[in-house]
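> Here it is: the structure, laid out below.
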Amino acid sequence: MPIRITGGAFRGRQVPSPSTSKTRPTGSRTREALFNILQTVDGFRVLDLFAGTGIMGIEAISRGAANVTAVEYAHSQARLVLDAYKALNLQSKLTLLENNALTLSRESLCANGGFDLIYADPPFKDMDYPDLRSFLEWLNPGGVAVFEAPSRNLPQWAKEDEALDKVRIRKYGESSLLIYRKDL
């Protein structure tokens, strides 16, 4: 079943969805809520970790982001991401890496500066939810990192950060968005 883009220049257009249930695209309600919270992504450099279908990066470009670096380990999923960008003639705005997101090197990805938006949606049904806070160092000043996590089983580090007012947690059904902002 295709995935509908919820906003921006490509609103209403569709991108392919995998035929497997292993990939769980971020729901349209959650995507809309996230971009409403962010308000603008004009000119943003975006890092889409565990890209899956690529829909989050495409949503960001549709809403004005300059480019997306999408990281997807599974070859079949990486091909799906590339196909989705090609279908919208956006491949020039995409850097696609077939890598394990958890073993990426900051030096290699941030050589031309950091990112304004980092989005990570690890396959938390297939693994323990990783501590993604090391990616916060990859943000440009004023940047935002958003990690999608299971609402029923939020990672302990996120609960601790919430108690210290370091993160905002927004729940959308089965998924929660952990929103970190880097001060200017």
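The values are calculated or read from the model by the stated rules, or taken from the named source; none is laboratory data. Because the structure is a prediction, the values reported are computed rather than measured. As a convention, Cβ positions derive from the backbone with ideal geometry for all residues, glycine included, and neighbour counts pool all protein chains shown. SASA here: full protein model, heavy atoms, side chains in, ligands and nucleic acids out. Shrake-Rupley method; radii C 1.70, N 1.55, O 1.52, S 1.80 Å.
> Set Lys and Arg Cβ to +1 and Asp and Glu Cβ to -1, take the dipole of the chain about its Cα centre, and tell me which of Gly114, Ile61, Phe44 lies farthest positive.
Positive-most Cα among the choices belongs to Ile61.
> Let me ask you something else. Using a Förster distance of 22 angstrom, determine the FRET efficiency expected from the C-beta separation of Ser151 and Ser28, and round it to 0.05.
After rounding, the FRET efficiency stands at 0.80.
> Let me ask something additional. Under a straight-distance cross-link criterion of Cα-Cα below 19 Å, which aspartates and glutamates are reachable from Lys86, leaving out those fewer than 8 residues away in the same chain?
By straight Cα distance, Lys86 reaches Asp48, Glu59, Glu72, Glu98.
> Follow-up. For the chain, what is the calculated [θ] at 222 nm in deg cm²/dmol (nearest 500), taking -39500 (n - 2.57) for each run of four or more DSSP H residues and dividing by its residue count?
Rounded to the nearest 500, the figure is -6500 deg cm²/dmol.
> Using amide H atoms built in the peptide plane, which far-off residues or other-chain residues are under 5 Å from Gly27 H to H?
Long-range HN contacts for Gly27: none found.
> Using each residue's phi in the stretch 136-153, evaluate 6.51 cos²θ - 1.76 cosθ + 1.60 at θ = phi - 60° and report the 3J(HN,Hα) Karplus result to the nearest Hz, with x for Gly and Pro.
4, 5, 8, 7, 6, x, x, x, 10, 10, 10, 10, 8, 9, x, 4, 6, 9
> Which value in Å is the Kirkwood Rh of the stretch 29-156 over different Cα pairs?
14.8
> For the chain, what's the relative contact order in percent, using C-alpha pairs closer than 8 Å and at least 6 residues apart?
17
> Which whole-number value in Å² is the accessible area per residue of the stretch 79-171, probe 1.4 Å?
Per residue, the stretch 79-171 has an accessible area of 53 Å².
> On to the next question. 5 Å is the cut-off here: which amide hydrogens, built 1.01 Å from N in the peptide plane, fall below it relative to Asn67, excluding neighbours closer than 5 in sequence?
Close amide H contacts, sequence-distant or interchain: Val46.
> Rounded to the nearest percent, how much of the accessible area of the stretch 34-160 (1.4 Å probe, protein heavy atoms only) is carbon and sulfur?
Working: 2410 of 5440 Å².
Carbon with sulfur: 44 percent of the solvent-accessible area.
> Still on this structure, please answer the following. Taking the DSSP beta bridges in the chain as the whole, what percent of them are antiparallel, to the nearest 5?
Antiparallel: roughly 45 percent of the beta bridges in the chain.
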